[in-house]
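Heads up, the thing below is written out as structure tokens.
Where a number appears in this text, it was derived from the coordinates with a stated rule and is not lab data. Worth saying up front: this structure is predicted, and the values here are computed from it rather than measured. As a convention, Cβ positions derive from the backbone with ideal geometry for all residues, glycine included, and neighbour counts pool all protein chains shown.
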Amino acid sequence: MNNMYIRNKHQALHAARVLVAFVILGAIVTSCYKIIRTYAPTEVTGTETFEARIVVADDGSSTQNFTTDWSVAAVRVPEGWTVAVPTGCHQQYAEDWVYYSDGTKVAGRQNMKYNAHLSDLYNAGAPKAGYRWWAFVTVRRVPKHMTACWRNGCDSIAITFQITPDGVPGTYQLDFIAGDEEDEEGVSKYNSFSEASSTRLIHAATISSFSNGKKPDNAAPGLSRTIVVKEGSGIRPTETAEELSRRNPDAIYSIDGRLLRIGTSTEGLAPGVYIIGGEKKTVR
């Protein structure tokens, strides 16, 4: 009798441990974060390039994500505007024990690059007349993307965009998406927005829903930013277009120094003279 009781007790304990393990595993693979802050100036002049920023933090739930993910961020701006990201635009404030497998510390700055495929998916899933999404993905996978508040405080990630208006005066709205992707293959595996809409690629956003009715896990429409573009003053930039281009060779500038495109492909550009790689190039 006692042996049977002991065996049953051990079986019950084992079952309880298994159940706890499954619960913990479910918490570990769940990424629960939200956009807590956005920034953009309320007013700019002409084609003045300005910075916009989002800050993502744990949403307060008792979950963790120990996976190594690609971080994703996007901003929706009016057609004709251009968006770039500076070096080290992805600033992660992580706990001391968050490291890559090679021993380098995660806390610090990561680079991101423009992703045309993901931009197309977002534009299909959240279209807005006269606007388009610009999406960026980290150049390397970032481990332990978010850490829950029940450890030693919340991690956060700040992402900075550099936005250049087309100079048309008016009042405009900026929206943002933040997400992540676990698979090594990254975002390229998704052939349509419907495939991506059930993933964490649209985990947090300043819009309340997408065109297929899917809602972000964490929506914060109150964090959209309104910006007024005033008439230009005619003051030329302190750097010439050639100087700007040499500093950012993976981009195309107009003759007057406006950032037109991330990447050096001239496909789709209107005929004219552009600054590419620090030199004037004629597109016919």
Hull-based mean projected area of the range 241-283, where the convex hull spans the alpha carbons, in square nanometres | 2.4
Percent RCO, i.e. relative contact order, over the range 184-284, from Cα pairs under 8 Å lying at least 6 residues apart | 16
Which order do Lys280, Lys214 fall in if you start with the one that has the fewest other Cβ atoms within 10 Å?
-> Lys280, Lys214
Find the eigenvalues of the gyration tensor of the Cα atoms of the range 192-266, then list the square roots of 5 times those eigenvalues as equivalent ellipsoid semi-axes, largest first, in whole angstrom.
-> 36, 19, 10
Tell me, His117, His90 in order of fewest to most beta-carbon neighbours within 10 Å?
-> His117, His90
Relative contact order of the range 241-283, pairs being alpha-carbon contacts under 8 Å that are 6 or more residues apart, as % | 42
Considering only Cα-Cα distances, which of the following residue pairs are longer than 29 Å: Lys128/Lys281; Lys113/Lys215; Lys113/Lys280; Lys34/Lys113; Lys189/Lys214; Lys128/Lys189?
-> Lys128/Lys281
